[in-house]
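Note sheet for the following structure.
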Amino acid sequence: MDKIQQFREYTRELECHLDNMNQTDCCQCSVSKAECFLVVEIGRKPGICIKELAELLKIDKSGVSRSVEELVKKGFVVREPSKTDRRCVVLLLTESGKARFEKIENDMYVEFKKVFSMIEESDRDKVLEALQIYNEACRKVEGRNDQTDDKE
């Protein structure tokens, strides 16, 4: 197996592990995985608008709007007019949404702590650095793809 195939296999396996961790967490919160990600991002950036949320999660705006609507119906999110831009609607978590956000954040902290503790202490900084390099490379490729999409 060449290095590119090996890279793909390791990435695929990582995706499966992350998917399993996210699935376990979201099932406990009575929200879909997509809604779970939205609750987390809105909790981390109160007052974010749908356009910013879509860009952050790299999901189309209509998909985010539909998921936000579900979260509004479930009582986790409220929409309010922006105080700085009247054309924009911002998203905030309700008290119930904040409780879900805290539960997700705490549960995921515990899960990642378990995984991190399985890594030899002498390797932990290497793993963090490798993930940082990996994410930066992904952002660069995504940036190029966005520029290509803009030209079409």
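General observations
- Restricting the stretch 65-87 to residues that are closer than 15 Å to ILE48 by Cβ and acidic (Asp, Glu), the residue that is least open to solvent (accessible area, probe 1.4 Å): ASP85
- The set of residues from the stretch 88-131 being open to solvent by 50 Å² or more (accessible area, probe 1.4 Å) and not in a helix (DSSP H, G or I) comprises VAL89, MET118, GLU120.
- The residues in the stretch 36-52 that are under 18 Å from ILE104 (Cα atoms) and at pLDDT 90 or above can be counted, and the count is 9.
- Residues that are among the charged types (D, E, K, R) and either farther than 28 Å from GLY75 by Cβ or at pLDDT 95 or above (or both), drawn from the stretch 1-35: ASP2, LYS3, ARG8, GLU9, ARG12, GLU13, GLU15
- Filtering the stretch 57-87 to residues that are under 16 Å from the mean Cα position of the chain (by Cα) and part of a loop (DSSP other than H, G, I, E, B) leaves LYS58, ILE59, ASP60.
- Any hit, the stretch 87-96, residues being at pLDDT below 95, more than 13 Å from ILE42 (Cβ to Cβ) and among the β-branched types (Val, Ile, Thr): no
- Within the stretch 132-152, restricting attention to residues that are open to solvent by 70 Å² or more (accessible area, probe 1.4 Å) and aliphatic (A, V, I, L, M), the residue that is modelled with the highest pLDDT is ILE133.
The values are calculated or read from the model by the stated rules, or taken from the named source; none is laboratory data. Not measured: the values here are computed from a predicted model. Note that we place each Cβ from the backbone using ideal geometry, even for glycine, and neighbour counts take in every protein chain shown. Please note that ligands, DNA and RNA were not included when accessible areas were found on the heavy atoms of the full protein model with its side chains. Shrake-Rupley method; radii C 1.70, N 1.55, O 1.52, S 1.80 Å.
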